[in-house]
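Quick notes on the structure that follows.
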Amino acid sequence: MLGAIRQHQRQERDAPEAAWRAQERARQAEEEQQQQRQQQQQQQQIRQRSLAKLGASMRDALRSRSRSRAGSAESSTSSRRLSMPARLARWGADGAASDDGSPTPRRSSVGGSSPLRWSRRLSTFAQKRMSSEEGKKHNATAAALSAHARAKVEAKSAAVLFLERPIWRRADCEAMCRQMCLNNGLEELADDLPDEVVAWFDVFDADHTTDLDEAQFTAWHKRLKEWVKDRVTLERAGVGVDDEEVELQGADDATALAVSRRCTCFTALVILDSQLHNSTLQALLQTAKHRLVALDLSGSKGFSDVGLKSVAVWNANELQSLRVVACPITDDALKVVAKHCPEVRTLAVTSSSRVTDASLGLFHDECAIERVAPPVPSPPPAPKKLASSPSSLKSVKIEEVRAVEAPEVWVDTSTKGGCGGCVVL
């Protein structure tokens, strides 16, 4: 039974973290896919614009080729400063020009005809120009994405930036502990961290390198979040970790489990009008094993005889007072308590058909048994009266109704034949 309890607690503890991690992985995968799609679209647009510009330049070059050769005396330096259409025209005009200015093929000094050489130069220039344009656009896109990434990283909180570090040292982890305590209203813990929190670093530093890697830090951070969450829950419930008497009013399983995990000194447990499952009650009794003296579950629901029997397992010889008024228990659980808890001297139960002398007679002779009458059900609330509307209804006082005189009534029976008659109001 203990193994099942621990397994259930681990499942409840790990379920929110596993769901959160799955959501984070799905969100990160979706963001990466969206960034890849955006990059692909931007690269496609860059290629289309580059090809469009190249086509326009080639058309201009073909028009310029039919023109006469001009500026033959210009130096190579000025030629390098020409724009793309002028440069292409210049290359096309390298051939022999006729009288009307149109270029004609001639042999080159390096072999090959002038049009072939011109086409080669054009192809080489187009490839360089296209690669240059694409490079510029790619660099611009990369710079924009890098700026966006930097802005996104700067917008993150300090805790998120801390989680992206490759190595975490002791001082950094302690600083993160204090920051989380301050963010959750635990200022007194931020000033003086408990020894158990400080010792966690040594527990997870299995390789004794005085720092934590990613896997070690993930486990450490998970335990820290659970600890902070439990301390906030106890703070709201008004319970201290060193209290000898824990009292909860209208608590749920989350609050009770926080008490079972963090409160290790209580000897009296009072849980009134709460909703507890068997596993939660068993965890509480196991936490207070061999020291629980008083247990009061008056008005609490949700558990059964199985949960109450755990007190006989973990606190058999220590329990002295037990109050289970208005609780869903039967003789079956009380018989087990009477058999294994001989030190019980105070017992309070609700008189009902499920709790009889068959179980109460098994307790010690010095045990003071208090039988509480079951609560009387309150009558149902009276139906609310409809408010009269001034425009539709008129409220009339009873004195006004009594003051109205009755109308005059007389009967005419002079009609013959037994039918007819007249009644006047």
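The values are calculated or read from the model by the stated rules, or taken from the named source; none is laboratory data. Bear in mind the structure is a predicted one, so any value in this text is a computation, not a measurement. Here the Cβ is made from the backbone with ideal geometry for all residues, glycine too, and neighbour counts use every protein chain on show. Accessible surface areas use protein heavy atoms only, side chains included; no ligands, DNA or RNA. Shrake-Rupley method; radii C 1.70, N 1.55, O 1.52, S 1.80 Å.
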Report task. Say whether the condition of being under 30 Å from Ala312 (Cβ atoms), at pLDDT 90 or above, open to solvent by 80 Å² or more (accessible area, probe 1.4 Å) and in a loop (DSSP other than H, G, I, E, B) is met by at least one residue in the stretch 372-395. Result -> no
Query raised in the report: Which ones in the stretch 268-283 are in contact with a strand residue (DSSP E or B) (Cβ under 7 Å, 6 or more places away or on another chain), part of a loop (DSSP other than H, G, I, E, B) and open to solvent by less than 50 Å² (accessible area, probe 1.4 Å)?
Result: Ser274
**Report entry** Given (1) over 16 Å from Val337 (Cβ atoms); (2) hydrophobic (A, V, I, L, M, F, W, C); (3) open to solvent by 10 Å² or more (accessible area, probe 1.4 Å); (4) assigned to a helix (DSSP H, G or I), index of the condition Cys265 fails
**Finding:** (4)
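Ala190: surrounded by 15 or more Cβ atoms within 10 Å (Cβ to Cβ) and either outside any helix (DSSP H, G or I) or modelled with pLDDT under 85 (or both), yes or no? Outline the logic, then answer.
Working: surrounded by 15 or more Cβ atoms within 10 Å (Cβ to Cβ): yes; either outside any helix (DSSP H, G or I) or modelled with pLDDT under 85 (or both): yes.
So Ala190 fits the description; yes.
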**Report entry** Unique residue being open to solvent by less than 70 Å² (accessible area, probe 1.4 Å) and either within 30 Å of Ala283 (Cβ to Cβ) or among the polar types (S, T, N, Q) (or both) when the list is Ala256, Ala175
**Finding:** Ala256
Query raised in the report: If you go through the stretch 333-346 one residue at a time, do you hit one that is surrounded by 18 or more Cβ atoms within 10 Å (Cβ to Cβ), among the polar types (S, T, N, Q), under 22 Å from Glu244 (Cα atoms) and in contact (Cβ under 8 Å) with a residue 24 or more places away in the chain?
Result: no
Report summary line: Per the list (1) at pLDDT below 90; (2) open to solvent by less than 30 Å² (accessible area, probe 1.4 Å); (3) under 38 Å from the mean Cα position of the chain (by Cα), residue check on Val313 breaks on (2)
Query - Number of positions in the stretch 316-331 that are closer than 16 Å to Cys367 by Cβ and either without any contact (Cβ under 8 Å) to a residue 24 or more places away in the chain or crowded, with 21+ Cβ neighbours inside 10 Å (or both) - result: 3
Query raised in the report: Looking at this structure, is Thr233 over 30 Å from Cys367 (Cβ atoms), under 29 Å from the mean Cα position of the chain (by Cα) and either among the polar types (S, T, N, Q) or assigned to a strand (DSSP E or B) (or both)?
Result: yes
**Report entry** Failed item in (1) surrounded by fewer than 21 Cβ atoms within 10 Å (Cβ to Cβ); (2) on the phi < 0 side of the Ramachandran plot, with Gly299 passing the rest
**Finding:** (2)
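Looking only at the stretch 312-321, decide whether some residue is in contact with a strand residue (DSSP E or B) (Cβ under 7 Å, 6 or more places away or on another chain), among the hydroxyl-bearing types (Ser, Thr, Tyr) and in a loop (DSSP other than H, G, I, E, B). Before you say what the answer is, go through the steps one by one.
So the first thing to find is which residues in the stretch 312-321 are in contact with a strand residue (DSSP E or B) (Cβ under 7 Å, 6 or more places away or on another chain), and the list is 319-321.
After this cut, where a residue has to be among the hydroxyl-bearing types (Ser, Thr, Tyr) as well, the list is 321.
If we keep only those that are in a loop (DSSP other than H, G, I, E, B) as well, we get none.
No, every residue in the stretch 312-321 fails to be in contact with a strand residue (DSSP E or B) (Cβ under 7 Å, 6 or more places away or on another chain), among the hydroxyl-bearing types (Ser, Thr, Tyr) and in a loop (DSSP other than H, G, I, E, B).
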Query raised in the report: Gln286 versus (1) open to solvent by less than 60 Å² (accessible area, probe 1.4 Å); (2) free of Cβ contacts under 8 Å to residues at least 60 places away in the same chain; (3) closer than 30 Å to Asp242 by Cβ: which is the lone unmet condition?
Result: (2)
Query raised in the report: touching an Asp or Glu at 6+ places or on another chain (Cβ under 7 Å), closer than 28 Å to His277 by Cα and at pLDDT 90 or above - does that describe any residue in the stretch 358-369?
Result: yes
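Just to verify a result, which residue in the stretch 201-227, among those that are open to solvent by less than 20 Å² (accessible area, probe 1.4 Å), out of contact with any Leu (no Cβ under 7 Å at 6 or more places or on another chain) and part of a helix (DSSP H, G or I), is farthest from Asp172 (Cα to Cα)?
Filtering the stretch 201-227 down to residues open to solvent by less than 20 Å² (accessible area, probe 1.4 Å) leaves 201, 205, 212, 217, 220, 224, 227.
Now restrict to residues that are out of contact with any Leu (no Cβ under 7 Å at 6 or more places or on another chain): 201, 212, 217, 224, 227.
Those still in the list that are part of a helix (DSSP H, G or I) too: 201, 217, 224, 227.
On the way: Phe201: 11, Phe217: 11, Leu224: 14, Trp227: 18 Å.
Selected residue: Trp227.
If you take just the helices (runs of 4 or more DSSP H) that sit entirely in the stretch 1-111, which of them hold at least 1 residues that are of a type in the set (A, V, I, L, M, F, W, C), modelled with pLDDT under 80 and open to solvent by less than 80 Å² (accessible area, probe 1.4 Å)? If you could, list the steps in order and put the result at the bottom.
Working: elements: 2-65, 76-80, 84-92.
Where helices (runs of 4 or more DSSP H) fall fully within the stretch 1-111 and carry at least 1 residues being of a type in the set (A, V, I, L, M, F, W, C), modelled with pLDDT under 80 and open to solvent by less than 80 Å² (accessible area, probe 1.4 Å), they are 2-65, 84-92.
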